[in-house]
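Okay, so here's the structure we're looking at.
Derivation of every value follows stated rules applied to the coordinates shown; laboratory data play no part. The shown structure was predicted, so the numbers you read here are calculated from the model rather than taken from an experiment. Reconstructed Cβ throughout: ideal geometry from the backbone, glycine too, with neighbour counts over all protein chains shown.
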């Protein structure tokens with residue numbers, strides 16, 4: 001279980017976020033919660049990042065639906081995509097319980113599970 005990982009124990013984490021990442025990890029992914037990502041200017045914690053597959057997963061709780069937060073999320077998302085160039089960048093909306101592929105690379109990324117196809 002990822003809960004005992006000392007890298008992120010001091011970072012505020014939503015219980016649902018950890019449960020979702022654990023579920024995906026049981027399906028064959030290796031999402032690291034609150035993956036620390038630095039640029040020259042900023043420090044981010046990505047809600048879930050699978051380094052091997054280069055897949056980003058953001059867990060958006062209710063406050064992410066506020067217009068100001070949505071603008072901030074899009075700026076942050078662009079920085080992450082421009083820097084990491086992930087195969088896929090997913091957003092999970094906890095309010096309507098939907099996944100959105102906010103970004104997919106032009107690479108032939110094939111998932112190993114039917115959950116994300």
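Things to note:
- Normalised contact order of region 12-104, rounded percent, pairs of Cα under 8 Å and 6 or more residues apart: 20 percent
- Taking the DSSP bridge list for region 12-104 and keeping only pairs wholly inside it, about 70 percent are antiparallel.
- Going by neighbour counts of Cβ atoms within 10 Å, the residues 14, 40 line up, fewest first, as 40, 14.
- One compactness figure for region 12-104 is 1.02, namely its Cα radius of gyration divided by 2.2 N^0.38 Å.
- Protection proxy ranking, peptides 68-78, 41-51, average beta carbon neighbours within 10 Å, highest first: 41-51, 68-78
- Modelled this way, with points 7 Å down the Cα-to-C-beta line, the labels at residue 95 and residue 51 are 3.5 nm from one another.
- According to the Kirkwood relation over distinct C-alpha pairs, the hydrodynamic radius of region 9-62 is 11.6 Å.
- Multiplying the residue separation of residue 36 and residue 61 by 0.36 nm and removing their Cα-Cα distance gives an extension gain of 7.1 nm.
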